[in-house]
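A short worksheet on the structure shown next.
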Amino acid sequence: MMPVVPSALPLAEIEDRFHRFVLGVPDGDADGLSAFELATLKRLELLSTRFDMRSLPRLPTVLPQLLRALRNDNAGGGELARLIGRDPLMVGEIMRVTGSVHYRAAQPITSLQQAVVLLGQDGLRRVLTQHVMKPILQANTGALGHAAGERLWNHAERCAHACAWLGKTNGCDAFEAYLAGIVCHTGDGAVVRLLDQLKPAGDAVHPSPGFLAGCSRLAARLSLQVAQHWELPQRVIDAMTECQAPATPAASPLGKALSVADRLAMAQLLIEHERLADNPDLSQSWPGVFAPTLVARCQQDLQRNFPLPKSA
């Protein structure tokens with residue numbers, strides 16, 4: 001594990017570097033928005049108002065019922081298997097996961113109910129969330145889409161892990177915390193698609209921080225619209241709304257966890273891809289929101305669960 005060092009980077013710079021990483025553009029020092037970037041942001045705003053939520057991959061029709069059932073710790077494997085069995089794609093994903101080396105049982109899994117029992121409720125929540133969200137975050141098209149979609153998914157996994165970890169410390173529902181971490185950047189994929197439609201050149205090769213911040217604000221609004229369109233739990237929607245501003249002590253428990261987890265996941269991913277030279281200590285970045293010791297432990301937990309590539 002890399003030693004942590006006091007962070008000389010403000011959170012805004014970590015966010016800027018993350019968005020550059022997602023788009024595959026170099027770090028930059030430009031300050032103000034150019035006329036080209038202002039025009040591009042206006043066009044993005046216009047295109048976003050016409051964005052058809054129905055163009056996103058569908059949510060399984062049984063998902064709302066499953067979400068309700070999974071909030072009940074007494075829900076039996078038979079009931080859960082019955083609901084899952086109504087969606088063939090979901091069945092296939094669960095059987096695939098339980099057949100993997102990680103879950104391999106002493107006896108072969110021959111039924112969906114056996115697979116559901118083997119996964120347990122926490123494992124099932126994660127498989128269902130990933131089954132739903134991974135294709136959505138990766139469903140970008142065009143020159144930017146594939147790489148950006150993969151990077152957004154990698155962030156989503158780390159953010160969900162950190163949000164669930166922090167959520168345990170302040171009384172959040174475990175599944176809602178994990179779900180919030182997965183979906184919080186859904187709108188980024190839509191912005192990538194819009195940018196690819198515009199095919200910007202020139203200034204956009206070295207975008208200014210102001211341009212990327214504008215794209216990020218638009219993506220956050222789209223993420224919220226997507227969550228509302230899918231009728232996700234209200235606490236998740238509220239946390240995503242709060243996450244559009246810096247975390248404060250007045251935010252909801254899930255809003256605090258999501259805001260901090262989002263930035264920790266950004267830093268973790270940048271470290272893994274050598275877009276941050278050091279392992280910054282961000283423990284002092286949210287006074288009054290989470291104790292520095294908790295933030296430091298969450299950073300360490302991310303490092304353990306998402307280690308640096310062996311080639312690094």
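What is the set of long-range amide H partners of Asp281 at a cut-off below 5 Å, with H atoms built 1.01 Å from backbone N?
Here Val5, Ser7 satisfy the definition.
Leaving out ligands, DNA and RNA, what percent of the accessible area of the range 148-191 is carbon and sulfur, probe 1.4 Å? Walk me through the numbers before you get to the answer.
On the way: 420 of 970 Å².
Percent of accessible area from carbon and sulfur atoms in the range 148-191: 43.
Hey, what's the range 160-306 come to in accessible area per residue, 1.4 Å probe, Å²? Before the final figure, lay out each step's value.
Working: 5490 Å² over 147 residues.
Value for the range 160-306: 37 Å² per residue.
So how exposed is Trp165, as accessible area in Å² (1.4 Å probe, rounded to 10)?
40
Quick one: with all protein chains in place, what share of the accessible area of the range 248-287 is carbon or sulfur, to the nearest percent (1.4 Å probe)?
Values: 660 of 1350 Å².
Accessible surface attributable to carbon and sulfur in the range 248-287 totals 49 percent.
Any idea which of Ala267, Leu254, Ser283 is furthest toward the positive side of the dipole for the range 249-288, if Lys and Arg beta-carbons carry +1 and Asp and Glu beta-carbons -1?
Most positive-ward Cα: Leu254.
With the crude spin-label approximation of a point 7 Å out along Cα→Cβ, what separation in nm comes out for Lys168 versus Leu308?
Computed distance between label sites Lys168 and Leu308 equals 2.6 nm.
The values are calculated or read from the model by the stated rules, or taken from the named source; none is laboratory data. Since the structure is predicted, the reported quantities are computational estimates derived from the model, not experimental observations. Virtual Cβ from ideal backbone geometry, glycine too; neighbours counted across all protein chains shown. Side chains are part of the model used for accessible areas, which takes the heavy atoms of the whole protein and leaves out ligands, DNA and RNA. Shrake-Rupley method; radii C 1.70, N 1.55, O 1.52, S 1.80 Å.
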